[in-house]
Amino acid sequence: MIDLHTHSSFSDGSDRPSELVAEAARLGLSAIALTDHDTLEGIEEARRAGHRLGVEMIPGTEISCEWRRGGMHMTVLFLEPGAGPLQDRLATLRASRDGRNALMVDRLRDLGIDITLEEVLGQAGEGTVGRPHVAAVLVRKGVVPDPATAFEELLGYGRPAYLGRERLLPKEAIALARASGARPVLAHPHTLGLDTTAEVAELIGWLADAGLVGLECLYPGYPVEQREALMEMARSFGLLVSGGSDYHGTYKEGIALGSGRGDLAVPDEVLETLRPVQRGPASEP
Ligand code: AMP
Ligand code: ZN
Ligand code: FE
Ligand code: FE
């Protein structure tokens, strides 16, 4: 079994990349993709651990797209660290978070909440900084009882400390991923904010025309019927099936690596179909 959607301490996961790989090895997973938000900084460490422990590491990231209805995320698999069209764009996306994080802290302080940017940066450590880190500081300081309340009352869309950030247009994300030799996958379709299967199909058809490669059909909490409907949709649009736990360690309670809420199992064949075609012996660095 494999897991193609995971987060480490280089974004809003609690485990270091090497710890994540060690856990994958303990569970007997043959491969995992590291898909930290907007960054590839954890890949090297995860790769080294993967070589040592015999777990294949798929380099990747997760990006948020501009979408008026809800959250549209794409995991981008087989994206190599270094320079490249999407890789370079990730740096500007990360930079746009800096100003936003500072403003978010200002908003919270204006609301009378005792929090500093230093505390948020300290909470985040290396890599991408975002709302889950702010939420964790608010919980630690007793401002809110749990992260969910932090989002409901302060940080979520439309709440007093909510601030948007730069996002890629869906077509732009797909084009940049493909130009970088990577495989763009539409993540957790339930967050799109679409009510009917027809609406989901229309959007996925449009993304497929734009060059989307995969659809995350296997995700924690998706009932069998939902998985099958998504896999059928993938087939009908010529998309490949992907799946993963969206593991965040202690930042997302109740989700285990590989098995999600105990209901997830992503077979190795999923990875084999998603794997880019080898370009010959020169592709091995
Ligand atoms: P950011 O990238 O800084 O905008 O933060 C987005 C991340 O916050 C998402 O990837 C989720 O992990 C987390 N998140 C968003 N909404 C909620 C929520 N209502 N409750 C808990 N976590 C959330
Ligand atoms: Zn996350
Ligand atoms: Fe996501
Ligand atoms: Fe994720």
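Coordinate-derived values only; no laboratory data. None of these values were measured; they are calculated from a predicted model. Cβ sites come from the backbone with ideal geometry, for glycine too, and all protein chains shown count toward neighbours.
Note on T250 and R159: the extension gain reaches 30.4 nm, defined as 0.36 nm multiplied by sequence separation minus the Cα-Cα distance. Do any chymotrypsin sites (Phe, Trp or Tyr not before Pro) in region 182-285 lie in a DSSP loop with no more than 16 other beta carbon atoms within 10 Å, and if so, which? Here the chymotrypsin sites (Phe, Trp or Tyr not before Pro) that fit, given the DSSP loop and packing criteria, are F237.
Taking only the Cα atoms of region 76-227, the ratio Rg/Rh comes out at 1.02, with Rh defined as the Kirkwood radius. Take the Cα radius of gyration of the chain and divide it by 2.2 N^0.38 Å, N being the number of residues; the result is 0.98. Length available on full extension from S96 to E199: 0.36 nm per residue minus the Cα-Cα distance, which gives 34.0 nm.
Scalar couplings 3J(HN,Hα) for region 221-229, obtained by applying the Karplus form with A = 6.51, B = -1.76, C = 1.60 to θ = phi - 60°, are x, 7, x, 3, 5, 5, 4, 5, 4 Hz; x denotes Gly and Pro.
Which trypsin sites (Lys or Arg not before Pro) does region 70-171 hold that lie in a coil by DSSP with at most 13 other beta carbons within 10 Å? Mind dumping the intermediate values first?
Working: sites: R89, R94, R97, R100, R107, R109, R140, K141, R165, R167, K171; in loops: K141, R165, R167.
Sparse-neighbourhood loop trypsin sites (Lys or Arg not before Pro): K141.
For region 47-165, the Kirkwood estimate of hydrodynamic radius, built from reciprocal distances between every pair of different alpha carbons, is 16.2 Å. Of the residues L86, L121, L176, the one with the fewest other Cβ atoms within 10 Å heads the list, and the complete ranking is L121, L176, L86. DSSP bridge analysis restricted to the chain gives an antiparallel fraction near 45%, rounded to the nearest 5.
For region 137-271, the Cα-based Rg and Dmax, in that order, read 17.1, 50 Å. Residues whose amide H falls under 5 Å from that of E56, counting only those 5 or more places apart or on a different chain, are A31, I32, with hydrogens built in the peptide plane.
Here's how it looks for L240: its modeled amide H is under 5 Å from those of G214, L215, which are all 5 or more places away or on a different chain.
Taking the Cα centre of region 86-137 as reference, the dipole from Cβ charges on Lys and Arg (+1) and Asp and Glu (-1) amounts to some 260 debye.
With neighbour counts taken as other beta-carbon atoms within 10 Å, the residues C217, C65 rank, fewest first, as C65, C217.
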